[in-house]
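The values are calculated or read from the model by the stated rules, or taken from the named source; none is laboratory data. None of these values were measured; they are calculated from a predicted model. Every residue, glycine among them, receives a Cβ derived from its backbone with ideal geometry; neighbour counts consider all protein chains shown.
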């Protein structure tokens, strides 16, 4: 209990600059933890939704029926968005270019690539902030430490007889700034690396689906084009 009281007193009695550094680091830590929980939930839901949609897509369901079912929903995410964009563009282009399968597929793939890019951007939301917190927090904490130690030695130089007890509180409060900086940075770095890996896995899964879906539509376009010819 005494240790907690001494640390609290060090925080309260710290210089204004060191206190400001600590407040900034604490605010960054709170924001990063908030975004960590949000990203964790969003990415977990994205993995579940992707698996669920893939199972339904490859179950042999009629694509037109699946499209109507997906379109009826208020919002779509992940593979549903890519499927909806691809099928919609394919149907639109196939009506006017049924004899040109290459042109139909070019437009369809372009629509799905745009959808894929937007989905990846959505998955990567808040990750740049976590990377920023992880990279600059230790330096902000180090700035507070350097400032606190500098003030301690300046005060030490103003007395004739210096003792360790005179300089120890100033150095201790300065080192707390570094500790808070690491406290903010370490979870942010771990979360960023973990979430980045999850996004890469989802992006790869989405890209594979786009290629497989494009192959299905291409076979359909060629078959219909041959019948029209």
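The listed residues are 119, 124, and the only one of them that is in contact (Cβ under 8 Å) with a residue 24 or more places away in the chain and surrounded by fewer than 18 Cβ atoms within 10 Å (Cβ to Cβ) turns out to be 124. Does residue 167 count as part of a loop (DSSP other than H, G, I, E, B) and at pLDDT below 90? Criteria not met by residue 167. Let me spell it out: the conditions are (1) within 19 Å of residue 64 (Cα to Cα); (2) under 32 Å from the mean Cα position of the chain (by Cα), and residue 134 meets all of them except one. Which number is the exception? Evaluating residue 134 over (1) within 19 Å of residue 64 (Cα to Cα); (2) under 32 Å from the mean Cα position of the chain (by Cα) leaves (1) as the failure.
The rows are residues; the columns are (1) surrounded by 11 or more Cβ atoms within 10 Å (Cβ to Cβ); (2) under 25 Å from the mean Cα position of the chain (by Cα); (3) modelled with pLDDT of 95 or more.
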site: 2; (1), (2), (3): no, no, no
site: 18; (1), (2), (3): yes, no, no
site: 25; (1), (2), (3): yes, yes, no
site: 45; (1), (2), (3): yes, yes, no
site: 60; (1), (2), (3): no, no, no
site: 65; (1), (2), (3): no, no, no
site: 86; (1), (2), (3): yes, no, no
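Return yes or no: is residue 78 in contact (Cβ under 8 Å) with a residue 60 or more places away in the chain and on the phi > 0 side of the Ramachandran plot? Here the answer is yes, as residue 78 does meet what is asked.
Residues satisfying the criterion are present in segment 57-71 (criterion: closer than 23 Å to residue 203 by Cβ and assigned to a loop (DSSP other than H, G, I, E, B)).
Being buried (at least 21 other Cβ atoms within 10 Å of the Cβ), modelled with pLDDT under 80 and more than 30 Å from residue 121 (Cα to Cα): is that true of residue 162 here? The answer is no for residue 162. Taken over segment 123-148, the criterion of being in a helix (DSSP H, G or I), closer than 30 Å to residue 82 by Cα and in contact with a helix residue (DSSP H, G or I) (Cβ under 8 Å, 6 or more places away or on another chain) is satisfied by 123, 127, 129, 130, 131. Taking the condition under 30 Å from residue 81 (Cβ atoms) and either touching a strand residue (DSSP E or B) at 6+ places or on another chain (Cβ under 7 Å) or modelled with pLDDT under 80 (or both), does residue 151 pass? Taking the combined requirement at face value, the residue does not satisfy it.
Here residue 76 fits the description: in a loop (DSSP other than H, G, I, E, B) and under 25 Å from residue 122 (Cα atoms). Among the residues of segment 79-106, just one is outside any helix (DSSP H, G or I) and out of contact with any helix residue (DSSP H, G or I) (no Cβ under 6 Å at 6 or more places or on another chain), namely 100. Of everything in segment 95-116 that is in contact (Cβ under 8 Å) with a residue 60 or more places away in the chain and more than 24 Å from the chain's Cα centre (by Cα), the residue that is nearest to residue 30 (Cα to Cα) is 109.
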